[in-house]
Amino acid sequence: MMNIVLFGPPGAGKGTQAQKLVEKYALRHVSTGDIIRGEIKAGTALGRSVESYIQKGELAPDALVINIIADYLERNCADCPGIIFDGFPRTTVQAEQFDRMLADHNMKVDMMLSLEVPEDELVERLLLRGSTSGRADDANQTVIRNRIHVYNAQTAIVTDYYAAQDKYVAVNGLGAIDEIFARLCDRIDRHL
Ligand code: ADP
């Protein structure tokens with residue numbers, strides 16, 4: 001069983017690469033962003049409570065996101081081949097709590113794969129994605145800049161948490177999708 005934190009700023013390509021990794025390694029994939037968007041679309045109480053954060057490009061509250069993952073683990077950790085966590089943890093508080101939750105299920109994070117992409121490229125990619133994805137938070141340059149600002153201010157530091165456990169692996173996120181995928185696979189294969 002191999003549990004991977006797929007990490008990187010907004011627009012780094014986590015979702016795209018997660019899908020390919022899921023296929024190749026028969027892992028499961030959980031994206032807190034996808035779950036939150038699903039809740040908003042369905043108009044649930046949870047969705048309504050986070051909508052304003054997402055629209056501004058702010059993070060959802062830690063407790064709420066931690067609950068989403070706790071719930072996911074309850075439902076999915078039995079006989080699971082391994083999970084790719086995409087977009088979680090995004091703060092050190094989330095990372096600490098995550099370790100405790102995993103330990104309760106006799107699980108652990110094996111590695112953090114961090115896609116590194118320069119900021120100008122991120123903005124370009126997100127604007128492009130916004131023109132086709134229908135994601136409101138991708139369509140507006142101010143919201144995009146804020147998401148990157150929030151990433152730099154609150155999320156980037158999570159790499160220190162995993163570096164301290166010797167689990168942080170930086171991967172160049174520039175290039176063709178398949179090139180980046182090959183880099184990720186190489187790091188995973190070395191770990192297996
Ligand atoms: P991206 O990384 O491309 O910005 P995501 O789909 O991962 O997109 O997340 C979309 C939004 O959902 C984030 O901007 C944030 O508001 C919220 N979100 C997702 N995951 C978390 C998390 N772990 N903690 C707090 N907020 C989150």
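Assorted remarks:
- Residue in region 140-153 that is more than 10 Å from the ligand (Cβ to nearest atom), under 14 Å from the mean Cα position of the chain (by Cα) and modelled with pLDDT of 95 or more present: no
- Filtered residue count, region 1-34, keeping only those that are β-branched (Val, Ile, Thr) and either on the phi > 0 side of the Ramachandran plot or in a helix (DSSP H, G or I) (or both): 3
- Restricting attention to region 104-147, the residues that are open to solvent by less than 60 Å² (accessible area, probe 1.4 Å) and farther than 18 Å from ALA12 by Cβ total 4.
- Residues of region 21-52 satisfying the condition of being more than 30 Å from GLY175 (Cβ to Cβ), more than 11 Å from the ligand (Cβ to nearest atom) and β-branched (Val, Ile, Thr): THR44
- Any hit, region 116-128, residues being touching an Asp or Glu at 6+ places or on another chain (Cβ under 8 Å) and near the ligand (Cβ under 10 Å from one of its atoms): yes
- From the list ALA12, ALA63, ALA18, the one residue that fits, being out of contact with any Gly (no Cβ under 7 Å at 6 or more places or on another chain), open to solvent by less than 10 Å² (accessible area, probe 1.4 Å) and within 14 Å of the ligand (Cβ to nearest atom), is ALA18.
- Qualifying residue in region 32-44 (condition: surrounded by 13 or more Cβ atoms within 10 Å (Cβ to Cβ), under 20 Å from GLN165 (Cβ atoms), of a type in the set (D, E, K, R) and within 17 Å of the chain's Cα centre (by Cα)): no
- Test: ARG90 is open to solvent by 60 Å² or more (accessible area, probe 1.4 Å), charged (D, E, K, R) and more than 30 Å from GLY175 (Cα to Cα): no
- Within region 67-186, helices (runs of 4 or more DSSP H) holding 3 or more residues that are without any contact (Cβ under 8 Å) to a residue 12 or more places away in the chain: 92-104, 119-133
The values are calculated or read from the model by the stated rules, or taken from the named source; none is laboratory data. A quick note: this is a predicted structure, and the numbers were derived from the prediction, not measured. Don't worry about glycine lacking a Cβ; one is built from the backbone with ideal geometry, like all the others, and counts go over all protein chains shown. What goes into the accessible areas is simple: the full protein's heavy atoms, side chains included, and nothing from ligands, DNA or RNA. Shrake-Rupley method; radii C 1.70, N 1.55, O 1.52, S 1.80 Å.
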